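Structure, as structure tokens:
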């Protein structure tokens with residue numbers, strides 16, 4: 001079987017973790033994959049969609065379609081699978097406002113697909129309003145990649161760590177008051193930011209680590225406590241908690257806002273702590289800083305908890321859904337709503 005995979009950006013983290021890491025699994029199972037970047041022009045996209053006739057199906061990554069694109073993709077595609085891991089039906093800037101420019105393309109895209117693959121149950125619930133066949137596949141990761149032996153500096157420092165992109169750095173900035181308070185209480189705390197953009201603090205030294213696929217594992221392994229703050233709104237509830245999985249895979253205790261899957265992925269008091277207010281963030285970080293044994297036990301518990309997210313397990317689930325879809329009869333049909 002042959003599968004055409006369409007994405008706006010094959011280099012983005014979402015594509016790597018939702019699709020890219022499973023390409024070998026799909027090919028090993030007899031599904032030949034071709035990844036194509038969606039062009040900007042409508043005529044170029046129509047030409048690309050026409051190529052779908054040569055494939056058993058199309059896997060569309062995250063992109064919500066306008067009416068013309070939806071018409072041609074449905075016309076030429078035998079089966080269409082939609083894979084998404086963000087609350088694309090809402091605006092990230094104004095999540096509580098109804099946005100037709102986000103909601104309508106999402107509804108249109110979900111309606112025309114043969115099967116929808118959602119990153120969590122919150123996203124799946126939105127998709128099920130418009131398509132009866134929705135599967136939840138969490139974001140997976142290669143646990144072995146996090147089994148690295150980092151050369152930890154014997155400097156007496158406790159390293160808080162946050163990993164992410166510049167678009168989500170604002171979430172870390174949201175707990176600056178708690179981080180500044182930690183800096184006033186402890187003189188041995190460092191904040192390590194693994195990103196492509198950074199900020200400074202007055203009371204805490206900031207280690208600025210440029211994100212790269214090769215160095216991220218060592219940078220996490222050489223840290224002590226993972227941070228995963230999020231505001232609570234309709235957009236952030238759709239986040240798939242990947243940084244929590246990364247911290248846990250690296251054996252770190254995690255302090256997280258109990259928003260969306262964060263509340264599930266961090267077992268409060270077992271693998272880390274939930275924190276909402278500045279006081280809760282400050283006290284949770286302080287508690288783990290002061291207790292090295294607690295850091296170790298929470299880290300071990302967290303790593304055990306996230307073993308079910310290894311790509312060997314999630315990859316099989318992902319493969320089975322696609323294989324079943326491409327091998328089954330019938331197809332969905334599109335209704336364009338503008």
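Tabulated data
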item: FRET efficiency for residue 280 and residue 320, using Cβ-Cβ distance with R0 set to 51 Å, rounded to 0.05; result: 0.80
item: Inverse of mean 1/r across different Cα pairs in segment 143-269, Kirkwood, Å; result: 14.9 Å
item: Over the chain - Rg/Rh using Cα atoms and the Kirkwood inverse-distance radius; result: 1.01
item: Estimated [θ] at 222 nm from DSSP helical runs (n ≥ 4, -39500 (n - 2.57)) normalised by residues in the chain, nearest 500; result: -11000 deg cm²/dmol
item: Inverse mean reciprocal Cα-Cα distance (Kirkwood Rh) of segment 36-191, Å; result: 19.1 Å
item: Label-point gap, in nm, between residue 308 and residue 188 - each point 7 angstrom along Cα→Cβ; result: 3.7 nm
item: Convex hull (Cα only) mean projected area of segment 49-107, reported in nm² to one decimal; result: 4.1 nm²
item: Max mean-square fluctuation residue, GNM over the chain, Cα-Cα springs under 10 Å, options 119, 269, 156; result: 156
item: Hydrodynamic radius (Kirkwood) for segment 183-338, which is based on Cα pairs only, to one decimal in Å; result: 17.7 Å
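All of the numbers you see were taken from the coordinates with simple rules; none came from a lab. Because the structure is a prediction, the values reported are computed rather than measured. Note: ideal-geometry Cβ built from the backbone for every residue, glycine included; neighbour counts use all protein chains shown.
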